[in-house]
1. Just one of (1) part of a strand (DSSP E or B); (2) closer than 28 Å to R67 by Cα; (3) in contact with a strand residue (DSSP E or B) (Cβ under 7 Å, 6 or more places away or on another chain) trips up P115, so point out which.
2. For region 25-46, which residues satisfy the criterion of being touching a Ser or Thr at 6+ places or on another chain (Cβ under 9 Å) and either part of a helix (DSSP H, G or I) or in the same structural domain as T147 (by TED's automatic domain parsing) (or both)?
3. Does S210 satisfy the condition of being out of contact with any Ser or Thr (no Cβ under 9 Å at 6 or more places or on another chain), surrounded by fewer than 13 Cβ atoms within 10 Å (Cβ to Cβ) and of a type in the set (G, A, S)?
4. One residue is enough: does region 11-22 have a residue meeting the conditions surrounded by 15 or more Cβ atoms within 10 Å (Cβ to Cβ) and either within 21 Å of P150 (Cα to Cα) or at pLDDT 85 or above (or both)?
5. Counting only residues that are surrounded by 11 or more Cβ atoms within 10 Å (Cβ to Cβ), at pLDDT 75 or above and not in a loop (DSSP other than H, G, I, E, B), which one in region 68-92 is nearest to the chain's Cα centre (by Cα)?
6. Do we find a residue being closer than 25 Å to P56 by Cα, assigned to a loop (DSSP other than H, G, I, E, B) and in contact with a Phe, Trp or Tyr (Cβ under 9 Å, 6 or more places away or on another chain) anywhere in region 158-172?
7. Please go through region 186-223 and pick out each residue that is more than 15 Å from the chain's Cα centre (by Cα) and at pLDDT below 90.
8. Just to be sure, is A153 in a loop (DSSP other than H, G, I, E, B), at pLDDT below 95, surrounded by 19 or more Cβ atoms within 10 Å (Cβ to Cβ) and of a type in the set (G, A, S)?
Amino acid sequence: MEELTSPVQSRQPLDAEGADGKKYFVEIEDREYPWPKSTITVPEIRTLGGLPSDMPVIEVDPDNNERTLAEGEVVTLKPGHRFGKKVRYKRGFEDRMTAEVELMRRYYPRAEWHPGESGGWVRLPGYLLPPGIWNVGLCEICFEVRTAYPGEAPYGFYVAGGLRVSGQRPQNYEEPATTPFPGTWGKFSWSFDAAWTPRADVTSGSNLTSFVRSFRDRLTEGA
């Protein structure tokens, strides 16, 4: 998640200087908020960031390690300039994926979400391929989404085995490849070309729908 240089404009700014004369800032889902004391509770994080009262809150440290906070936990903040390292918080992974899949189904109505221990997989039963390039016009596609998402961008996508260009396997492609779905699969090495900039609002910034749309760029290349 990127660090912003100013708090949310629609919120009345708090005095970020605590009683000890030090300044504290809390970053919640890409937005930075001044905070007037050296500690903050989980309910205060939700109130500050406008998160639902029953939603798990995940702490993301400066090294991008994640930890779900206990409901009664009190977090001690470190003072410092707003551009320095700080603790960040975000919504739970499951809630993010619910919103992501809802958005994706507006454009890919048959999209499926299959949760797993380390995240889950998106499966598209019928993906229309660019015409005149491949040996088939329609194929299954899937890809993995790990629990570090959206801070960690997804990488690569898988297609039902046997996809060929003029009888040959494409470049940067391995087959067989392992997925949780039956049948033989092949994997394209692929990453999102544009800067990966997710936002708290899944309808803006980078999201899984934009990642799926980018597959067509690779598939149009053919070999």
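1. With respect to (1) part of a strand (DSSP E or B); (2) closer than 28 Å to R67 by Cα; (3) in contact with a strand residue (DSSP E or B) (Cβ under 7 Å, 6 or more places away or on another chain), P115 is out only on (3).
2. Within region 25-46, P43, R46 qualify.
3. On the way: out of contact with any Ser or Thr (no Cβ under 9 Å at 6 or more places or on another chain): yes; surrounded by fewer than 13 Cβ atoms within 10 Å (Cβ to Cβ): no; of a type in the set (G, A, S): yes.
Answer is no for this residue.
4. No, the conditions are met nowhere in region 11-22.
5. Result: T68.
6. Filtering region 158-172 down to residues closer than 25 Å to P56 by Cα leaves none.
No - not one qualifying residue is present in region 158-172.
7. At the first step, the residues of region 186-223 found to be more than 15 Å from the chain's Cα centre (by Cα) are 186-190, 193, 213-223.
Answer for region 186-223, where residues must be more than 15 Å from the chain's Cα centre (by Cα) and at pLDDT below 90: D193, A223.
8. Values: in a loop (DSSP other than H, G, I, E, B): yes; at pLDDT below 95: yes; surrounded by 19 or more Cβ atoms within 10 Å (Cβ to Cβ): no; of a type in the set (G, A, S): yes.
When the stated conditions are applied, A153 does not pass them.
The values are calculated or read from the model by the stated rules, or taken from the named source; none is laboratory data. Computed from a prediction, not measured in an experiment: that's the story for all the values here. Please note: Cβ atoms are built from the backbone with ideal geometry, for glycine as well, and neighbour counts cover all protein chains shown.
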